[in-house]
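The values are calculated or read from the model by the stated rules, or taken from the named source; none is laboratory data. Please read all numbers here as calculations on a predicted model, not as lab measurements. Positions of Cβ are backbone-derived with ideal geometry, glycine not excepted, and every protein chain shown enters the neighbour counts.
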Amino acid sequence: MDATPKLFLKVQLRFPYHIHYIIGMDKTQKERYGFHQTADDATEHESQNMTLRHDDSPLKICIVSREYPLETLWGGIGTFTLNLAHGLKNIGHEVDVVAFSQYQDSLSEDNGIRIHRIVSPEMPFLKKTLWEYANVALSPFAYWYSKKISVKIEELYKEQLFDIIDFPEHIGEGFCTIRKNLYPTAVRLFTPLSLIGKLGMNKVTNNFDYYLIGLLEKASIRSATAVNSPSDNLAGMVKQNFKINREIEIIYNPIDTEKFSPTGGIHSSRAEPLRVVFAGRLEDRKGVHILAQAIPKVLQAVHNAQFDILGHDCAGVFGYSSMKAYMISVLRDHGAADNVNFIDPISYDALPGYYGNGDISVVPSLYDNSPYTCLEAMSCGLPVIGTSAGGMPEYIDNGINGIVIPPNDSDALACALIDLLSHHEKRQDFGKQARKKSLTDFKREIISGKMVTFYRKTILHHKHGTRPQSFGDIA
């Protein structure tokens, strides 16, 4: 059998429903994605144990993320996408971002990064979008939005050849593109929404909706060319709960260490009052109710400490209308309300100023895979008090640049705060070490370089039809 029938058989088996995409490729496109190879090529490749080399030419990278500032900077996914896109651009790569818009399709530029925004699919026979019904059922939006993304990528692909397409696992944005297996695809873990619901980290009112979203998320993680995660904890949790047995590369979240940098030295002032900063949504998963319970205990030892609470108010706990209402009630009952400042949500650009005025950052989450508030505070030279629930212990070196405590423990949180508030030299040293680690381990250009290495290896795996087992096996 000559090479042509073998190639047809190989392609037909791998892509039975998408032959028309491959037929439409020119020679350059086929070579880029590996469709010029025969089955014998793949066998020979595997026998060589993947000892391949790659060039260092700039990559064309497409990052898909509903969240991207300014319009849709909702949380950690948007912050990650922003930092990764700019980090990749800064080290010489070409970047396109496909993001969501609540208003209209558009194309814009952000310092040389092309931002393609697409709107929600519409409800059949209605003048409303699926996004408008997302608070009732998110899974219809998730599937049809994933389908719309697939169409958009096909459209962009005709204009330029992306070397790789990067998706979040969250709500399965890449599902319809990944299942085609036409391009090298990378999936980044952020904590699957279905897993958040399953583990009780969100108030779930529609279990079937979360189940359907879980199918999209699981299929995306299973079928992507390669997967990476910001923490080993999250990778292990996804493997266990989704029953997935595949290699997941650990690559930390990136941070802009120039934007988030110390002001006036590493918090060397002994001036009072000392300030503790919390930044994040006011919800039970973030542990702010535990912080509210700890504050009166702290003030018994450090009378004039001040607490700045930054973030969106969310649904409350224990029958209260909102989390903020619960916190104010607890603080007033203990005479601590005057020491706490609730600050309305601020812009991303304004955040460094609040960290700069602080002395300690507190992240009392009941679970977080790798919260950006931890990275932002460390980069600004603040010691961080975080919990052992999730990936924070992989970012905070306990007793060196911060303190790690058990989750859901107001006594432990109060003790850690009193310790750092009462010891200036320790607080200052922890802050210096936090800044140092940010520069060596989390700087966005460094992390972007690691992502490029991950991308190149992922491209090779796609080209030769293999799955990563260990990312050390490609030269």
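Side notes on the structure shown:
- Segment 199-239 - residue that is outside any helix (DSSP H, G or I), touching a Leu at 6+ places or on another chain (Cβ under 9 Å) and hydrophobic (A, V, I, L, M, F, W, C) and, of those, farthest from I63 (Cα to Cα): M201
- Count of residues meeting criterion [buried (at least 24 other Cβ atoms within 10 Å of the Cβ) and outside any loop (DSSP other than H, G, I, E, B)] in segment 391-402: 2
- Only one of the listed residues (I309, I255) is crowded, with 21+ Cβ neighbours inside 10 Å, without any contact (Cβ under 8 Å) to a residue 40 or more places away in the chain and out of contact with any Gly (no Cβ under 6 Å at 6 or more places or on another chain). That residue is I309.
- Among the residues of segment 144-157, those that are without any contact (Cβ under 8 Å) to a residue 40 or more places away in the chain and either closer than 19 Å to K463 by Cα or in contact with a helix residue (DSSP H, G or I) (Cβ under 8 Å, 6 or more places away or on another chain) (or both) comprise W144, K147, S150, Y157.
- Just so you know, in segment 104-131 the residues that are of a type outside the set (A, V, I, L, M) and surrounded by 15 or more Cβ atoms within 10 Å (Cβ to Cβ) include one that is farthest from L84 (Cα to Cα), and it is T129.
- Residue ranges of helices (runs of 4 or more DSSP H) in segment 120-198 with at least 1 members β-branched (V, I, T) and under 21 Å from A235 (Cα atoms): 175-178, 193-198
- Taking residues in segment 104-125 that are over 15 Å from P140 (Cα atoms), and partners anywhere that are polar (S, T, N, Q), the pairs with Cβ atoms closer than 7 Å and at least 6 places apart or on different chains are I115/S108; R117/S101; R117/S106; I118/S101.
- Residue within segment 240-247 that is aromatic (F, W, Y), touching a helix residue (DSSP H, G or I) at 6+ places or on another chain (Cβ under 6 Å) and part of a helix (DSSP H, G or I) present: yes
- Here the condition is being in a helix (DSSP H, G or I), buried (at least 19 other Cβ atoms within 10 Å of the Cβ), under 23 Å from the mean Cα position of the chain (by Cα) and in the same structural domain as K437 (by TED's automatic domain parsing); of L382, L351, it holds for L351 alone.
- Taken over segment 90-103, residues that are in contact with a strand residue (DSSP E or B) (Cβ under 6 Å, 6 or more places away or on another chain) and either more than 15 Å from D166 (Cα to Cα) or surrounded by fewer than 17 Cβ atoms within 10 Å (Cβ to Cβ) (or both) amount to 1.
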